[in-house]
Every structure is written in C-alpha cells, then in structure tokens.
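Below you'll find the structure, written out as structure tokens, and then a few comments.
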Amino acid sequence: MTAPAVVLVGPPGAGKTTVGTVLARRLGVALRDTDADIEAAAGRPIPDIFVQDGEEHFRELERRAVRAAVTGHDGVVSLGGGAVLDAGTRALLAGLPVVFLDVALADAVRRVGLDAPRPLLAVNPRQQWRTLMEQRRPLYTEVARATVTTAGRDPEEVAQAVLDALGRKET
Ligand SMILES: Nc1ncnc2c1ncn2[C@@H]1O[C@H](COP(=O)(O)OP(=O)(O)OP(=O)(O)O)[C@@H](O)[C@H]1O
Ligand SMILES: O=C(O)C1=C[C@@H](O)[C@@H](O)[C@H](O)C1
Ligand SMILES: [Mg+2]
C-alpha cells in the first residue's frame, strides 16, 4: 500500500501549502492539499461549504479527503488547519510521518491577513487564531512525529528542517 512521504499539519498561516509545495519539488513527488481536494470534489470554495452546510459537514468531507490522500498517494500531503479536530481524521494519521509546523501568532496573522478567506478567522483574527491554537496545539502534537518551528525561516529553510526532523534525504 502506498503511504505519504510527509504529512504537514498546523494552524492557518503555518505554511503547510507553501512548504508542502517546496517539499514536493525537492523530493520529486506530487503534493496533495486536502483543502484543494475538498473544493474540487464539492465544486465550491471552502467558505461556501462552511456557510451553506456548516463546519460539521465540512469536517466529514475533510475526513474523506484525508483518507483518500493518505491511502492513495506516496507524495507530500498538506492538511487543512482544523483537520486534527476530527477524531476519525486523527486516527487516519497514526503511524504516518506527520510534521507539525509551529508558528507564532504575530507571524500567522501577518501571513494569513492578505490571503484567501478563512471562515473561522473572519472576525477578530488575532483572538480567534489564539483560541484555535490553544484548542488545537495538543492535537497537533498528538498526531505529529516531529514539530518544526517556522519562526525566522523562509519556506525553503522550513522544508529543510522538515526533512532533517524526519531523517530524510532529498532524492
Ligand atoms: N516560512 C514562511 N515565511 C514567510 N511567509 C510564509 C512562510 N510560510 C508561508 N508563508 C506565507 O504565508 C501565507 C500562508 O501560507 P500557507 O497558505 O502555506 O499556509 P497554510 O498553513 O497552508 O494555511 P491554511 O491552513 O489556511 O491552509 C502565504 O502567503 C505564504 O506565502
Ligand atoms: O483552521 C481551520 O479550521 C481551517 C483551515 C483551512 O485550511 C481550511 O481547511 C478551512 O478554512 C478550515
Ligand atoms: Mg493550506
């Protein structure tokens, strides 16, 4: 059975999609981003799924997307920021090379401020992000084999730290 080379988890703004893209290029494999997979399967942007069907339904779609990504893919998988909230999704990550990309509030706010809309950060993003991180930090560390800090590192340096943390060499 195929298994992913690296699975990235972490809060919005940690750089999962960006660092996942770098890692995929450096390892010579494909990247799957479950946020993109969900949007392609649903034919709608994630904020619309949240508004029309609610977060619970979104987490179900996300669990399905994570299952498909980690069982049918040997490249890099980048998960949505809240994927670890779902116990079924966490169970799918057992035994996989999961890395938690950690990021400080100030960096995350700076990074996500101008990016695509994130429904859970729509109002008072600093406070929302802090609350999300308090709730999620134990879950990120529970599923992850290693934690990599992104502070003071550009995406290439973060990707190198991920490979080092997993004891992986580039091909
Ligand atoms: N190490 C870094 N240094 C500086 N900027 C970064 C770094 N990593 C990512 N960024 C920038 O931060 C923004 C958010 O990155 P990205 O979309 O990869 O985050 P994410 O973790 O995938 O977020 P989400 O959970 O919302 O999908 C992007 O504009 C990206 O270019
Ligand atoms: O932090 C979250 O809960 C989310 C993060 C994004 O990656 C998307 O998966 C969605 O906007 C939810
Ligand atoms: Mg992303």
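Miscellaneous remarks
- Test set (1) surrounded by 17 or more Cβ atoms within 10 Å (Cβ to Cβ); (2) away from ligand 1 (no atom under 15 Å from the Cβ); (3) assigned to a helix (DSSP H, G or I) - Val29 fails condition number: (3)
- Residue check, Leu23 within 13 Å of ligand 2 (Cβ to nearest atom), modelled with pLDDT of 95 or more, closer than 19 Å to Thr2 by Cβ and crowded, with 21+ Cβ neighbours inside 10 Å: no
- Those residues of region 64-95 which are within 12 Å of ligand 2 (Cβ to nearest atom) and closer than 20 Å to Thr2 by Cα, in sequence order: Ala65, Val66, Ser78, Leu79, Thr89
- Residues in region 117-166 that are among the charged types (D, E, K, R) and modelled with pLDDT under 80 were compared, and the one that is nearest to Phe58 (Cα to Cα) is Arg118.
One line per residue, one yes/no per condition, for (1) surrounded by fewer than 19 Cβ atoms within 10 Å (Cβ to Cβ); (2) not basic (Lys, Arg):
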{"site": "Gly13", "(1), (2)": "no, yes"}
{"site": "Ile38", "(1), (2)": "no, yes"}
{"site": "Arg44", "(1), (2)": "yes, no"}
{"site": "His57", "(1), (2)": "yes, yes"}
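- Test for Val77: is it touching a residue at least 40 places away in the same chain (Cβ under 8 Å) and either among the charged types (D, E, K, R) or touching a Lys or Arg at 6+ places or on another chain (Cβ under 6 Å) (or both): yes
The values are calculated or read from the model by the stated rules, or taken from the named source; none is laboratory data. Please read these numbers as outputs of a predicted model, since none were measured by experiment. Please note: Cβ atoms are built from the backbone with ideal geometry, for glycine as well, and neighbour counts cover all protein chains shown.
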